[in-house]
Amino acid sequence: MAKGIRREGREMALKLLYSLPDHEGGNLEKVLADFWDQFEFQDDVLGDAEDSVNQSVRPEVRSFAERLVAGVSDNLEQIDLALEEFSTNWALDRMARVDLALLRMAAFELLCCQDVPSNVVMNEAIEVGKRFGTGDTASFINGILDPLARKTRTAAP
């Protein structure tokens, strides 16, 4: 069964966000161009790079992924402040990179994308976390996003 545009876009955005710490201070447009030009992913659980696979990303998936990555990049200070408020036992720099990337992406959607219901944002982050994170990722993500969603979204849409 094919994944939806938004799920696939979130998974691609996660891969991009995961790679961003290695490019701090760089031009986001260049990072995006390098990512799309140099990496091809096989359709497996890890999304490992493989030279022999020539799988293109649908334009709408790419556009959605880039929107998420740019949103996180443009709002990183606000996002990290919000996450720090609800991650009382974890400093952001001590979190697993996958978990932090997922949290940032979901926090961006909660804070800046009011058209996406909070339960959808949280469910997507948890499901993507189950695929790419550890066994603890889903509960860790939920534990931080749930109070953030309650604070930022006064009434569920």
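The values are calculated or read from the model by the stated rules, or taken from the named source; none is laboratory data. Small disclaimer: the values here were computed from a predicted structure and weren't measured. Heads up, the Cβs are rebuilt from the backbone with ideal geometry, glycines too, and the neighbour counts pull from every protein chain shown.
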Those residues of the stretch 40-80 which are under 22 Å from K130 (Cα atoms), modelled with pLDDT under 60 and either not acidic (D, E) or not in a loop (DSSP other than H, G, I, E, B) (or both), in sequence order: F41, Q42, V45, L46, G47, A49
The lone exception for L83 - which of (1) under 20 Å from G129 (Cα atoms); (2) assigned to a helix (DSSP H, G or I); (3) at pLDDT below 95 it fails: (3)
Any pair with Cβ under 7 angstrom, 6 or more apart, that starts in the stretch 119-147 at a residue that is charged (D, E, K, R) and ends at one that is outside any helix (DSSP H, G or I): R131/V45
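Being without any contact (Cβ under 8 Å) to a residue 60 or more places away in the chain and either more than 14 Å from D80 (Cα to Cα) or not charged (D, E, K, R) (or both) is the filter here; which residues of the stretch 105-118 pass it?
A106, A107, F108, L110, L111, C112, C113, Q114, D115, V116, P117, S118 - these are the residues of the stretch 105-118 that are without any contact (Cβ under 8 Å) to a residue 60 or more places away in the chain and either more than 14 Å from D80 (Cα to Cα) or not charged (D, E, K, R) (or both).
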Scan of the stretch 1-31 for residues that are modelled with pLDDT of 65 or more, more than 18 Å from M122 (Cα to Cα) and either in a loop (DSSP other than H, G, I, E, B) or in contact with a Lys or Arg (Cβ under 9 Å, 6 or more places away or on another chain) (or both), ordered by number: Y18, N27
Those residues of the stretch 86-119 which are of a type in the set (A, V, I, L, M), modelled with pLDDT under 95, more than 16 Å from K15 (Cα to Cα) and out of contact with any Leu (no Cβ under 8 Å at 6 or more places or on another chain), in sequence order: A91, V116
